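Just below is one structure, and these are the notes that go with it.
The values are calculated or read from the model by the stated rules, or taken from the named source; none is laboratory data. Everything quoted here is computed from the prediction, not taken from an experiment. So basically every Cβ, Gly included, is an ideal-geometry build from the backbone, and we count neighbours across all protein chains shown. Surface accessibility is based on the protein's heavy atoms, side chains included, excluding ligands, DNA and RNA. Shrake-Rupley method; radii C 1.70, N 1.55, O 1.52, S 1.80 Å.
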Amino acid sequence: MSKVSILVPVFNVEICLEKCLDSLINQTYRDIEIIVINDGSTDLSTNILENYQKIDSRIKVYHFENAGIAITRNRALTYASGKYLMFVDSDDYIDLDTIEVMVKTLEKDESDICICGFTMDYKFGKLYRRVCKNGVMTSLEALHSLVDNTGVTNYPWGKLFKKECFYNVEFPDGETTFEDAYTILRAIANASKISTLSKRYYHYVQRNGSLTNRMSLETVYTMRISFEYQEVFLKKEFPNEKFNFNTQYYNADIMIIYAAMLHHTRKDHVIFIPGDIDWEKVDFIHKLAYKLWLWIAKVKIGLKVEYVS
């Protein structure tokens, strides 16, 4: 068996940490190490980790002062000794056969990455976002799927990587949000072949409301900046390939407008700077939805639109 390093960042997740760790130590695939980076937790997370270390010697915990998710994931990468890598966030969990199925699929297909489906788990139900069909992609096809938002995501979790995919790849220390958007496409670009599974093995647990409701206007703008980084990176790496970022920029604009309405009023005099969308490639329904959303924001908070030439 080939060892799998499961990389788990931890920061103040006492409510859900045990469920996460239980889903890992009880995997049907036994040749694993669980690399836990405790990023300065101040709740009972540290006690929980100490107890689980006594239960299972495969859990290796490293304690640091709080440094943020990017540095924490990079630290986990430095401790990983397995042939394969898997990221699992400490407030999420995975099905008990996840690693076994993904390792078998990766090795059967002779792939470098295996991607599985996921659910967004809420307190009173689940949301099923689009996932990839069962199959095999080239890295270029996977990057197009990432850009087109057709199944491959920027999330580091829900993926099993050969360790070599992270050669010369790190999460950017200076980014506190959307650090994965700067990183995962580079790991995919390092791969030759990617296997995809439609079954939803990963459970992305939603706490304290949706991510959208927690994001400030400034945070959503940083999401669009991360897409701009991706576009520049892909143009440099694949100069003869055309990537269409319309979907990403459109979705970012919609979320920016939503965040503006959610967090601001007329007295804030909010200015909206639209993204670089090629409207000739946008269908009528999406154009109409965008205009309607923008009109609502103008009426509700007096949103002012400024275009950058």
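Assorted remarks:
- Nearest-ten-degree value, helix 98-109 long axis tilted from longest Cα axis of the chain: 80 degrees
- Using the Karplus relation 6.51 cos²θ - 1.76 cosθ + 1.60 with θ = phi - 60°, the per-residue 3J(HN,Hα) values for the stretch 25-42 come to 6, 9, 4, 5, 8, 9, 7, 9, 10, 10, 8, 10, 9, 8, 8, x, 4, 10 Hz, with x marking Gly and Pro.
- Taking amide hydrogens as placed 1.01 Å from N in the peptide plane, the amide H of residue 59 sits under 5 Å from those of 34, each at least 5 positions away in sequence or on another chain.
- Stretching residue 288 away from residue 56 to a fully extended chain increases their span by 78.0 nm, per 0.36 nm per residue minus the current alpha-carbon distance.
- Kirkwood hydrodynamic radius (C-alpha pairs) into Stokes-Einstein, the stretch 55-162, 37 °C and 0.692 mPa s, D in µm²/s: 207 µm²/s
- Three-way shape label, the stretch 267-309, alpha-carbon gyration tensor, a/c 1.5: oblate
- For the chain: span of alpha carbons on each principal axis (Å, largest first): 59, 46, 35
- Low-density loop cleavage sites - trypsin sites (Lys or Arg not before Pro) in the stretch 87-130, where at most 13 other Cβ are within 10 Å (DSSP): 123, 129, 130
- For the stretch 237-309, the dipole from Cβ point charges (+1 on Lys and Arg, -1 on Asp and Glu) about the Cα centre works out to 560 debye, to the nearest 20.
- Cross-link reach is defined here as a Cα-Cα straight distance under 19 Å, omitting same-chain residues fewer than 8 places apart; for residue 133 the lysines meeting it are 104, 108, 159, 193, 199.
- Of 295, 157, the order by accessible heavy-atom surface (1.4 Å probe, DNA, RNA and ligands excluded), from most exposed downward, is 295, 157.
- Extension gain, residue 30 back to residue 164 (0.36 nm per residue minus Cα-Cα distance, nm): 46.1 nm
- MRE, 222 nm, helices only [DSSP H, n ≥ 4, -39500 (n - 2.57), over the chain, to nearest 500]: -12000 deg cm²/dmol
- Distance between the C-alpha centres of the stretch 4-33 and the stretch 226-279: 34 Å, rounded to the whole angstrom.
- Protein heavy-atom surface of the chain, 1.4 angstrom probe: 53% of the accessible area is carbon and sulfur, with nucleic acids and ligands not counted.
- Along its first, second and third principal axes, ordered by size, the stretch 123-239 spans 40, 33, 25 Å in Cα coordinates.
- Amide H contacts of residue 158 (H built 1.01 Å from N, under 5 Å, at least 5 apart or other chain): 87
- Between 0 and 90°, nearest 10: helix 139-148 axis offset from the chain longest Cα axis: 40 degrees
- Remark: the chain carries a charge dipole of roughly 740 debye about the Cα centre, counting +1 on each Lys and Arg Cβ and -1 on each Asp and Glu Cβ.
- Rounded tilt (10° steps) of 246-263 against the dominant C-alpha axis of the chain: 80 degrees
- Virtual paramagnetic centre 7 Å along Cα→Cβ of residue 44, amide N under 14 Å, in the stretch 7-23: 12-19
- In the full protein context, the chain carries 50 Å² of accessible surface per residue, based on a 1.4 Å probe and ignoring ligands, DNA and RNA.
- Legend: residues 241, 179, sorted from most to least accessible area (1.4 Å probe; ligands, DNA and RNA excluded), read 241, 179.
- Full-stretch length increase - residue 244, residue 64 - with 0.36 nm per residue and alpha-carbon distance subtracted: 60.8 nm
- Close amide H contacts of residue 199 (hydrogens built in the peptide plane, cut-off under 5 Å, sequence separation of 5 or more or a different chain): 117.
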